[in-house]
Structures are given as structure tokens and as C-alpha cells.
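What follows is a single structure, written as C-alpha cells, with notes after it.
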Amino acid sequence: MNARIASVGAHVPARRMHNNELAQIVDTSDEWIYSHTGIHYRHLAAEDEAASDLAVPAARQAMERAGVGPEEIDLVLVATSTPDYVGLPSTACVVQDKLGIPAAGAMDVMAACTGFIYGLETARTYVTAGAARNVLLVGTEVYSKIVNWEDRRTCVLFGDGAGAVVVQPAADDAPSRILPALLGSRGSGADSLYRSHGGTRNQYVPGQTPEADLKLKMDGRRVYNFAVSTVVETIRRLLERNDLEFDAVDWVVPHQANERIIAAAAKRAGWDRERFYVNIAEYANTSAASIPIALNEMFEGGHLSPGRLLVTVGFGSGLTYGGNLLYW
């Protein structure tokens, strides 16, 4: 038995911030941000919106397109590094309840910006093993809640949003199927992208812990170098494992972190940059939501049709990396 992506959906908040507005908060400009990242806009959640609030409409759209009701969902997976609650309960349980899904398994996937890739492989494994028929996978993030809006090195990079897919069984001879993923990690780089305080390692102490220590911190140069090399390595290994050449790939759907990373990886490997789908200008870096948001945009734009070969590739805090190879 194979597994396939049966449908896709997405949701972003109504609040849309242009770089010019950011320039009123920190010392930056639209020209600088766009030239260094490829970003013009980002969407920001309202004060009372959490990760689950963005996940639910994206999930509903994916379920409706798949023709699947709440009672047919066997497993809910939520990829997020900005959960509704710290540690427990899982955001997946909150989403399961809001969608009226009865008694399905529910768990969060914590792999930061690689979360959707890890989640898709988890969904594929459950379906191909016969342990689930309909898996709802949602990538949802509200990075506006955890970035330091006084740090121009990081606050310009991120946005909020959610994307979802329904994964179902596929016949062995079906054109649509998900192949086994390539997943990896490099924990030695954990301190290059993290929140240093607020967990059990460095607990928050009222009156003592600086607020900045609760926010996202990033060593941009280390992350950039890691990202470019792992994008190339991951795609190459996926293709080699399946005896494929890059020319067979219709689309690469990369994690939308920085357009410079995507361009540098394509140039280093000698691959056609036009085959890399990029929408970072509108959404910025939405972490685990970036790939499913891009897939939804591609679907609605008519870029996807049955049998098209896609590679998804991502990298993120952990450090984690990975890629999926799939026929749409």
C-alpha cells in the first residue's frame, strides 16, 4: 500500500504588514529587507489568535477538498514550534476538539521549520502500515508571538500562517504517491536558532529573566551556511536513492526561509532556479507552515496535476533537515 496527499488547504491572518511599516519599528528599510531576504510582506495573527486558531480553517479546507468528515480522521498531526501551550497539552488535541474530530489520535511534531516534512513522513508511515486511513497534517505557526520586535536581525524574517493536507492510502499503481522521506538532524548546532529561556533547562524567573531571553535568537551566518549545504545534500540524496536525475523533477518546494538560500543552493548544485517554487515575498518565513502554504498556492494556481514529481526540502532549529519526494 502507498500513501498520497489527497488535498491541501491554507489560512493566513488578515493583518498584512509591509516592510515600510517594519521600518517604523526598527532601523531597516524595504530595500534592505527585500534585497537580503526576498520578503516584502508578512501576515500577523491578532493578539487573541494562537496556532490552533490558524490551523482550524486550513484543516477544514483540506478536509472539505478531500471529501472527508471529522468522523473519518484517524490521526491529527500538528507541526508547530509556536504551540498554544508550553509542553502540554499538545496543540493537536486542541485542533482535534475544535474540528469536532471524535477520539482520533493527536500529537504535535516538533522539528521547527522542518516540521511539515517530518509530519508528512509520519503520516505516510501510519497510512502505509495500515494503522490509519485518513491522517490530517497541519503546519501552523505564530512567530509574531515569539520574535523580538526590537531585533532587526530576526523580526523582519518571520510571519504567521497555517497549511494542511489530508494523507490517504493510494493503490500501488496510482500516479499519486509519497515516497519514503530523508530525515536528519545536527544537534551540535542547536544554539544557533533557539529560545534560551522558558523551558526546564533555563527556567523563567519573574523579575530576573530578561524578556529578550524568552524570544527567538538566531546566528544568521551559521543557519545560512547550514541551510544551503543541507538543501543541496538532501535533494541529491533523495534523487540518488530513487535513481532519478534533477531533470525529472517538476517542482522543488523548499522551506521559505530566505530567497538567497534557495538561489545559492540552486546555483551551487547547477540546478534550474525556475523549478524552485518561491512565495516568500508575500508570507515571509512561516516555519512549519511554509511548505503547505506554498503547496496550496500552487494547487490554486494550477501548477499541480496528477503525476507531477515534487521534492519538498526544509531545515530548521534543532538543527533539523529533511525532504519528501512525491508524485502529486
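The values are calculated or read from the model by the stated rules, or taken from the named source; none is laboratory data. Model, not experiment: these values are computed from the prediction. Here Cβ is always computed from backbone atoms with ideal geometry, including for glycine, and neighbour counts include all displayed protein chains.
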>> Could you check the stretch 238-255 and list, in sequence order, the residues that are surrounded by fewer than 22 Cβ atoms within 10 Å (Cβ to Cβ) and within 21 Å of the chain's Cα centre (by Cα)?
In response: VAL249, ASP250, TRP251
>> Quick check on my filter: what residues within the stretch 254-290 are part of a helix (DSSP H, G or I) and closer than 20 Å to VAL142 by Cα?
In response: ILE280, ALA281, GLU282, TYR283, SER287, ALA288, ALA289, SER290
> Within the bounds of the stretch 52-67, is there any residue that is within 19 Å of the chain's Cα centre (by Cα) and of a type in the set (Lys, Arg)?
Replying inline: yes
> Any residue at all in the stretch 302-317 that is surrounded by 22 or more Cβ atoms within 10 Å (Cβ to Cβ), assigned to a loop (DSSP other than H, G, I, E, B), in contact with a Leu (Cβ under 7 Å, 6 or more places away or on another chain) and touching a residue at least 60 places away in the same chain (Cβ under 8 Å)?
Replying inline: yes
> Any chance the stretch 161-169 includes a residue that's buried (at least 17 other Cβ atoms within 10 Å of the Cβ), in contact with an Asp or Glu (Cβ under 9 Å, 6 or more places away or on another chain), modelled with pLDDT of 95 or more and not in a strand (DSSP E or B)?
Replying inline: no
> Name the pairs whose Cβ atoms lie under 6 Å apart, with the first residue in the stretch 73-88 and farther than 19 Å from TYR118 by Cβ, the second assigned to a strand (DSSP E or B), and 6 or more positions between them or separate chains?
Replying inline: ILE73/LEU136
> Does the stretch 184-216 hold any residues that are outside any loop (DSSP other than H, G, I, E, B) and more than 25 Å from GLY119 (Cβ to Cβ), and which are they?
Replying inline: GLU211, ALA212, ASP213, LEU214
>> Given the criteria in the same structural domain as THR230 (by TED's automatic domain parsing), aromatic (Phe, Trp, Tyr) and either modelled with pLDDT under 95 or surrounded by fewer than 20 Cβ atoms within 10 Å (Cβ to Cβ) (or both), does TYR85 qualify?
In response: no
> Which one of these is surrounded by fewer than 15 Cβ atoms within 10 Å (Cβ to Cβ), of a type in the set (A, V, I, L, M) and closer than 19 Å to GLY316 by Cβ: ALA174, ALA190?
Replying inline: ALA190
>> Name the single residue that is surrounded by the most Cβ atoms within 10 Å (Cβ to Cβ) among those in the stretch 256-281 being over 18 Å from ILE39 (Cβ atoms) and of a type outside the set (Gly, Ala, Ser).
In response: TRP271
